[in-house]
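Enquirer: My questions all concern the structure below.
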Amino acid sequence: MEVPTNPFAVLTFISAPAILTNASCVLLFGTGNRYGRAIDRMHDLSRLVEKGVTLGQAELQLRLRQLDAGETRTLLIVRALTCFYTAVAGFVACTLISLIGAALVYRQAALGISFSFAFAGVAGTIGALAMMTGALMLARETTYSFRILKEERHYITEHLSSPAMKLANAPPSAQS
């Protein structure tokens, strides 16, 4: 492997995984917040279901379906978090190995340079794949979330707004 004459060439090789580490951390932060909200929603739904005696049968069924979907959502979020942690580890390893490789370039240790280049490439690829997988899991989780909201809106439209609509459409003398 040829020793680069421009010191910025090595810096470029190191900066890419460092920037991707930052991007993974941003995704981790947002996903962590999402996880907290999903857990809070699961607790709220659990409390509602526990007090199921006060709920009508249709609403109880809705809340049970929401609990089931919420569990799936939470599982996807946990898996996405695992992927983002793996991505951070891959990019940090890639950066560290690239730094070691840069030091080996100046020592002209050909075998060490080839090994560090290959190992950094593998670590960076693992990080990139983990980051993409986590993003896909969050996309699936968003679909579940939207489906839950759509089902709740449908329930409210069909079950809860009916008495209010009848009252609103009743003649003025019947409302008093």
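Enquirer: Rounded to the nearest 10 Å², what accessible area does His43 have for a 1.4 Å probe in the complete protein model?
Expert: Roll a 1.4 Å probe over it and His43 shows about 100 Å².
Enquirer: Once you put a point 7 Å from the Cα of Ala18 and another 7 Å from the Cα of Phe119, both along the Cβ direction, what distance in nm separates them?
Expert: It is 2.0 nm.
Enquirer: I've got another one for you. With every protein chain left in place, what is the accessible area of Val92 in Å² (1.4 Å probe, nearest 10)?
Expert: 80 Å²
Enquirer: Alpha carbons only, please: Rg and Dmax for segment 22-135, in angstrom.
Expert: For segment 22-135, the Cα-based Rg and Dmax read 22.3, 76 Å.
The values are calculated or read from the model by the stated rules, or taken from the named source; none is laboratory data. As the structure is a prediction and not an experimental result, all values here were calculated from the model. Neighbour counts run over all protein chains shown; Cβ positions are idealised from the backbone, glycine included. Calculation scope for accessible area: heavy atoms of the full protein, side chains included, ligands and nucleic acids excluded. Shrake-Rupley method; radii C 1.70, N 1.55, O 1.52, S 1.80 Å.
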